[in-house]
Amino acid sequence: GDPSYIDNSLSAFYSRLYALLTPVTLVLPYRHRFLRLLLLALKSPMLPGSSVAAFAKRLLRCAMLVRSHSVVMWLVTAAYTIMQRSPASCRGLVHDQGEGSRKEVEGADARLEEDPWKPEMSLDEAVKVMPLTSLWELQCLLRHHSPSVYRLAQLFRTNMFAETAKRVSSDDMLVVTDKELFDREVNYQCKRGRVAPPATIGFLRDEVQPIYQAADDVFAQFGSA
C-alpha cells in the first residue's frame, strides 16, 4: 500500500487509542479484552519510541487513579514491558545509565516544578513534552498501600534496560482478584514471620469488611451528587 497512507492510518489509530486510555475506560465491564488488545498494539514495532514513552507516562498516571489493585498492577507491568522495548526513548525518564550506572536521576523531581505533561493532551502534544518530564508517578506507586503494587514498582529501580533484566507478564494481573492478592500477601508475609497467622488475618478481614462497605457507600453518594 501507499506508505504515506499507512503512516497516516497508524497515527490516527494510536492517537485514538491514547485518548481512550483513561481511568473511566479501566472500570468498564469489558476492560480485560481492551487491555489485552491495548498491550498488543503497544508492543508493535510500528509504534515509534517517542510514542512509547508517552504511553508509558499515561499508563502510570492511570495507575495512580484507579482503585482495583489488579488493574494497577497490570498498568505498572505494561508500562515496564513497553519501556524495556524502547530504551533509547525511555531510559531518561527513570535512570541515568551513563557508564553503567544504575543511579536514579538526582533532583529530577525537584527541577520539575510543574509537569508539562497533561492528561488532556493529544498523543502528538504529549510526545513533544516527553523530554521535559519524568515518571514521577513511580514515586507515588512506591508508596502504594498494596505491597504487591510496591514490589512491582521496585522493578523500575533496577537496570531494567539490560539484556538480563527481569521480564514480567501482564496477563497474570488480569485474572487475579483483590481477595486473591490479599491472601497471597498474607501467605508471603507469614512465611517471613511478619504478620499473624492466616486464621487471625481472616478474622480481622471479616471485621474490617463492613468498614470498607461503609466507605464505598459514602463515595457512591458523592459520585451521584
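Taking the criterion of being over 23 Å from Cys140 (Cβ atoms) and not polar (S, T, N, Q), would at least one residue in the range 49-57 satisfy it? Checked the range 49-57: at least one residue is over 23 Å from Cys140 (Cβ atoms) and not polar (S, T, N, Q).
Conditions first: (1) more than 25 Å from Glu163 (Cβ to Cβ); (2) touching a residue at least 60 places away in the same chain (Cβ under 8 Å); (3) of a type in the set (Phe, Trp, Tyr). Tyr30 passes all but one, so which condition is the exception? Evaluating Tyr30 over (1) more than 25 Å from Glu163 (Cβ to Cβ); (2) touching a residue at least 60 places away in the same chain (Cβ under 8 Å); (3) of a type in the set (Phe, Trp, Tyr) leaves (2) as the failure. Restricting attention to the range 166-187, the residues being exposed (fewer than 14 other Cβ atoms within 10 Å of the Cβ) and within 25 Å of Arg85 (Cβ to Cβ) number 6. Within the range 20-32, the residues that satisfy the criterion of being exposed (fewer than 14 other Cβ atoms within 10 Å of the Cβ) and at pLDDT 90 or above are Leu20, Val24.
For (1) modelled with pLDDT of 95 or more; (2) charged (D, E, K, R), each residue gets a yes or a no:
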position	(1), (2)
Val71	no, no
Leu75	yes, no
His95	no, no
Arg102	no, yes
Leu112	no, no
Val149	no, no
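Determine whether the range 36-58 contains at least one residue that is of a type in the set (A, V, I, L, M), under 14 Å from Phe156 (Cβ atoms) and modelled with pLDDT of 95 or more. Yes, there is a match, as at least one residue in the range 36-58 is of a type in the set (A, V, I, L, M), under 14 Å from Phe156 (Cβ atoms) and modelled with pLDDT of 95 or more.
The range 109-162 holds helices (runs of 4 or more DSSP H) entirely within its bounds, and those carrying 3 or more residues that are free of Cβ contacts under 8 Å to residues at least 60 places away in the same chain and more than 12 Å from the chain's Cα centre (by Cα) map to 123-129.
The values are calculated or read from the model by the stated rules, or taken from the named source; none is laboratory data. The model shown is predicted, which means the values in this text are computed figures rather than measured ones. Virtual Cβ from ideal backbone geometry, glycine too; neighbours counted across all protein chains shown.
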